[in-house]
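This report concerns only the one structure given below.
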Amino acid sequence: MRSRIPRVLCGTLPTSKSPVQLPEDEASHLHSVLRLRDGDPVVALDGKGHEVQARLQHRDKTAWVATDHDKPTRTHSLDDETTPLVLEVAILKGDAMSWVIEKAVEMGVRRLVPLVCDYGVVEIGKKGSQHFVERWQRIADQALKQCERLNRMKVDAPSPVLETLKYQAHQRWVAVEPRAGFEEAVPFRFLSEALKERDEIHVLVGPEGGWSPAECDAFRAESKHRALRPASLGPLVLRAETAALFVMGSALSSQILSRHGKLRP
């Protein structure tokens, strides 16, 4: 098994004439956890689709990355590396939210919007939303480095569900339970057609307790104007993190099939 060169996230890429200082948390991880020494190889990425082969430099108590290259050694566009999916997901408790964020990065979700829901169980008021956003973004950035994705997935500030509906989207769907009373809900295979348009698709996924009656009423009102459409994830009631994974996997597989046709065994 080959050893992987550590990857570090920088604001900008270094060039042959301009080394870049690493953020304190990145520097601490390289020094205290990975035990890297001066001159050890690293891969520097800017989170905007570019990376460059570089080496670590220690200067007093700071860490820098330097390179002999003036252009990125690898580049991926946002469209090539991600699906058009914007996942609007309820804030989940414990490790479930961390897990969903990690998998969202790995499966090409473009942006993640945490939702404050009526039946949500996580209180963000005590520590403040900024505390959670910073933590979630760190999880996303760590997953970015591990899966070798080059385009950062932004985690938005938490937003109440009804406020989120006020922001227009080219397409917005809501995943609903079998017994939620949405007779017009369509099977989730709609993504195969929707992805052909290449515009962003927003999908709402609810909390552990499901959508509240008030939220369902708001969804029905929005659906009358085609501003939002209900989608079914099948006949069973799924856990919140399972529903999120279902949505992400559907988007990724639909995009792969739309680009490459049917996969041969």
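None of the figures in this text is laboratory data; all of them are computed from the coordinates on show. Bear in mind that the values here come from a model prediction, so they are computed numbers and not experimental data. With ideal geometry, Cβ positions are generated from the backbone for all residues, glycine too; neighbour counts draw on all protein chains shown.
Considering helices alone, the calculated mean residue ellipticity of the chain at 222 nm is -9000 deg cm²/dmol, with DSSP H runs of length four and up weighted by -39500 (n - 2.57) and normalised per residue.
According to the square roots a ≥ b ≥ c of the eigenvalues of the Cα gyration tensor, what is the shape class of segment 57-208, taking rounded for a/c under 1.5, prolate for a/b larger than b/c otherwise, and oblate for the remainder? Spell out each step's value before the answer.
Numbers: a/c = 2.70, a/b = 1.46, b/c = 1.85.
Oblate, because a/c is 1.5 or more while a/b does not exceed b/c.
Return the inverse of the average 1/r over all pairs of distinct C-alpha atoms in the chain, which is the Kirkwood hydrodynamic radius, in Å to one decimal.
Numbers: mean 1/r = 0.0498 Å⁻¹.
When all Cα pairs of the chain are included, the Kirkwood radius is 20.1 Å.
Counting only DSSP beta bridges with both residues in the chain, the antiparallel share comes to about 35 percent.
For the listed peptides 121-129, 208-216, 163-171, a ranking on the average number of other beta carbons within 10 Å per residue, highest first, reads 208-216, 163-171, 121-129. With coordinates expressed along the principal axes, the C-alpha atoms belonging to segment 7-75 extend over 29, 21, 16 Å, beginning with the largest.
Please give the charge dipole size of the chain, origin at the Cα centre, charges +1 on K and R Cβ atoms and -1 on D and E Cβ atoms. Round to the nearest 20 debye. Don't jump to the answer; show the numbers that get you there.
Values: 38 positive and 36 negative charges, 133 e Å.
Magnitude of the dipole: close to 640 debye.
Put the Cα centre of segment 68-134 next to the Cα centre of segment 2-47 and the gap is 23 Å.
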